[in-house]
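J.: Handing you a structure now.
Every number in this text was worked out from the coordinates using simple rules, so none of it is lab data. Values in this document were obtained by computation on a predicted structure and should not be read as measured data. Quick reminder, even Gly has a Cβ in these numbers, built from the backbone with ideal geometry, and neighbours come from all protein chains shown.
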Amino acid sequence: MTPVPVAVLVSGGGTNLQALLDALDDSRVARVARVVASGAGVGAFERARRAGVPTVVLTDPEDPAEVVTAAGDARLVVLAGYLKRIPPAAVAQLRWRVINIHPALLPAFGGPGMYGRRVHEAVLASGVALTGATVHYVDEEYDRGPIIAQWPVPVRPDDTSDTLAARVLAVEHRLLPQVVVELARLGVPDKPVRLGASGSAFVVADQPSVRFGDDR
Ligand code: GRF
């Protein structure tokens, strides 16, 4: 099995990218083929350089042709802390091949402007008892595409937006690689896939483990 080439799009420090690089390091299922940034000077590039992965800086993230070209031969495009909207024409060309990780249980606490600390501040202000991470397909709108997988994180009474963000990020770093491996294992289907929790992991601990239906 030739590892599925994955392009990772970033705008920041790249801890989700690092989780993917670590998880796919000796994988026969998927590999990080390139890292694409929405602008120059992102911290994530240092991680790509250390892993020997080629990098690309978009000159115009609004240009659909440039975004599609930057993805190159990647079968799967992963938005990992990428803050720009994917141009609709690029979404159409890459339908069901672009996924995003969001630090909340969508559809709640998502949409334009809902990223980083703001998400966790909104969660705390709302008083909800559960938040978490969501991996979803990217469509023409921010954070609205069909959900692939989610994992819950309990909100603690003494949480601040920093402590909550840290626990959600830890879950993101486990959930995103698992989803990428599962989609690659399935050959990146050209239709939406939904992944569910395996066994009772959902109940016992906030350690993500997802699987597509029965073992195939
Ligand atoms: C993560 O919380 C991710 O969900 C959100 O942006 C944050 C970026 O983290 N989209 P990093 O750049 O991967 O460290």
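J.: Just check the range 1-129 against the gyration tensor rule for me: Cα atoms, a ≥ b ≥ c as the square roots of the eigenvalues, rounded for a/c under 1.5, and otherwise prolate or oblate depending on whether a/b exceeds b/c.
T.: It is prolate, given that a/c is not under 1.5 and a/b is the larger ratio.
J.: Obtain the radius of gyration and the Kirkwood radius of the range 83-135 from its C-alpha atoms and give Rg over Rh.
T.: For the range 83-135, the value is 1.05.
J.: Between ARG85, ARG156, ARG185, where does the largest GNM mean-square fluctuation fall for the chain, given springs only between Cα atoms within less than 10 Å?
T.: ARG156
J.: Looking at the chain, send over the antiparallel percent of its DSSP beta bridges, to the nearest 5.
T.: Just about 45 percent of them are antiparallel.
J.: Moving on. Provide Rg over Rh for the range 37-92; use the alpha carbon set for both Rg and the Kirkwood Rh (inverse mean inverse pair distance).
T.: Reported Rg/Rh, Kirkwood definition of Rh: 0.94.
J.: If we count every other residue with Cβ under 12 angstrom of ALA74's Cβ, Lys/Arg +1 and Asp/Glu -1, where does the sum land?
T.: +3
J.: What does the net charge come to around LEU164 if you take all other residues with beta carbon closer than 11 Å to its beta carbon, with K and R at +1 and D and E at -1?
T.: So the environment of LEU164 carries a net charge of -1.
J.: What does the extension gain come out to for VAL57 and ASP22, with contour length at 0.36 nm per residue minus their alpha carbon separation?
T.: 10.4 nm
J.: What do you get for trypsin sites (Lys or Arg not before Pro) in the range 2-61 restricted to DSSP loop and a cutoff of at most 16 other Cβ within 10 Å of the site's Cβ?
T.: Passing sites in the range 2-61 are ARG28.
J.: Is it possible to state the helix-based mean residue ellipticity at 222 nm for the chain, with each DSSP H run of 4+ residues giving -39500 (n - 2.57), the sum divided by total residues, to the nearest 500 deg cm²/dmol? What is it?
T.: -9500 deg cm²/dmol
J.: Determine Rg/Rh for the range 134-199; Rg is computed over alpha-carbon atoms and Rh is the Kirkwood hydrodynamic estimate from the same atoms.
T.: 1.03
J.: Express in nm, to one decimal, how much length is gained between LYS84 and THR2 on full extension, taking 0.36 nm for each residue of separation and deducting their alpha carbon distance.
T.: 26.5 nm
J.: Separate question: Need the full-extension length gain, GLN93 to ARG156, defined as separation in residues times 0.36 nm minus the C-alpha distance. One decimal, nm.
T.: Full-extension gain reported as 18.5 nm.
J.: Kindly state, as a whole number, the per residue volume in cubic angstrom of the convex hull around the alpha carbon atoms of the chain.
T.: Cα-based convex hull of the chain, divided per residue, equals 115 Å³.
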